[in-house]
Structures are given as C-alpha cells and as structure tokens.
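These notes concern the structure reproduced below.
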Amino acid sequence: MNASVTYWDEKMKKRWEGLSFPPFVGDGHVESLRSRVVCRWQPPGKGWVKLNFDGASHGNPGQAGIRCSVHNWESKEIDILVSPAVIKTNNWVELMALVEGLHLCRKLGVKNLDIEGESAIIVNALRKGNMPNWRLNTLLSKAIGLCKGFDRFTLNHIYRKGNKRADELANMGADGIKVLSDPP
C-alpha cells in the first residue's frame with residue numbers, strides 16, 4: 001500500500017468505486033496545518049466540472065442560506081445557485097447546499113464531477129456514509145444517491161481561505177438574497 005494512503009482511504013475507495021483518493025480531513029497533523037496556509041481554489045482537470053458548495057447559518061440554528069457554483073476546467077463559472085433556506089443548523093444548510101449542487105450538476109448533464117466544500121463534517125460524513133447527527137442521515141442518503149449518478153467524482157475539503165467567494169455567496173443567501181443563473 002502507498003504510504004500516503006491510509007487504511008481508511010483504502011476502505012473508502014472500496015465503498016465508493018468512482019471516488020479518487022479520499023483522505024479524511026481535520027486530523028491536526030503538520031501537513032493539514034500547512035495546507036491551510038497555502039489553500040486556494042483551483043480549476044478541475046480537463047473534462048471535469050467542479051462543484052463548490054457552502055451553507056451559512058446566522059446563529060445555530062438561525063437564518064440560513066445555501067450557495068453552489070459550477071465551474072469548468074477553464075475556470076469559467078457555468079452555473080450558480082444562491083438561495084435563502086429555512087431556519088436550520090449549520091450542518092443542515094451545508095448538506096442541503098451539497099444536495100442542491102448535485103441536483104444542479106445532474107441538470108447540466110455533468111459526467112465527471114469534482115466536489116469541494118469547506119465543511120469537514122459533511123465531506124467526512126459523505127465518505128463514511130453516515131452523519132454524527134442521525135437526524136441528517138436522510139438528507140445524507142439523498143446526497144449519496146445523487147453522487148452515484150455521475151460516471152466519476154472526487155470529493156475534497158477546502159478551507160474557508162480557499163473558498164472565500166462561496167462563503168460570501170452563502171452569507172448572501174442567509175441574508176435573504178436569491179440568485180439563479182442560466183447555464184449557457
């Protein structure tokens with residue numbers, strides 16, 4: 001086994017056939033801390049599309065908003081969704097943003113999807129197949145089902161520093177602003 005691939009990475013690769021290299025995040029190692037410093041958004045590989053998702057909750061629970069954006073490999077934003085959400089917890093809105101983003105990508109006919117979000121809880125829960133808060137498992141199951149509809153997908157965590165635009169837009173949603181763009 002490759003030294004950079006952990007036991008859990010191997011378990012997750014077996015669980016998710018279409019997922020490429022799924023390391024867990026937030027382990028506190030020096031490499032994780034270093035990655036926060038150099039974190040920045042990057043476009044997906046050629047032939048891939050990137051979904052960035054984020055949720056914001058002013059209070060926990062509180063007034064909430066979701067944000068999803070879809071970019072092609074040339075960094076062009078091809079669609080966006082910013083929407084207020086019902087008063088819910090931060091984990092619920094993060095997960096709802098992911099579900100709405102996956103629906104958006106399916107609507108666009110995306111085949112190869114690079115998923116990126118700043119919620120380590122949501123990213124790790126999707127990899128494990130269950131949430132620490134069992135009340136969110138139904139919504140998580142919906143996300144898992146949607147992921148299985150893509151030919152291939154990756155799932156990555158990005159720190160807020162590299163996800164500034166997503167964070168700003170999610171807060172717009174929490175402030176009651178709704179933005180829908182039409183794909184080209």
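We did not get these values from a lab; they are worked out from the coordinates using the rules stated. What you are looking at is a predicted structure, and each value in this text was computed from that prediction instead of being measured. Positions of Cβ are backbone-derived with ideal geometry, glycine not excepted, and every protein chain shown enters the neighbour counts.
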> Using the alpha-carbon centroid of each, what span in Å lies between the stretch 113-153 and the stretch 39-80?
Replying inline: 15
>> What number do you get for the stretch 91-142 when its Cα radius of gyration is normalised by 2.2 N^0.38 Å, N = residues?
In response: 1.12
> Taking the Cα centre of the stretch 49-155 as origin and charging only Cβ (+1 Lys, Arg; -1 Asp, Glu), how large is the dipole, in debye to the nearest 20?
Replying inline: 420
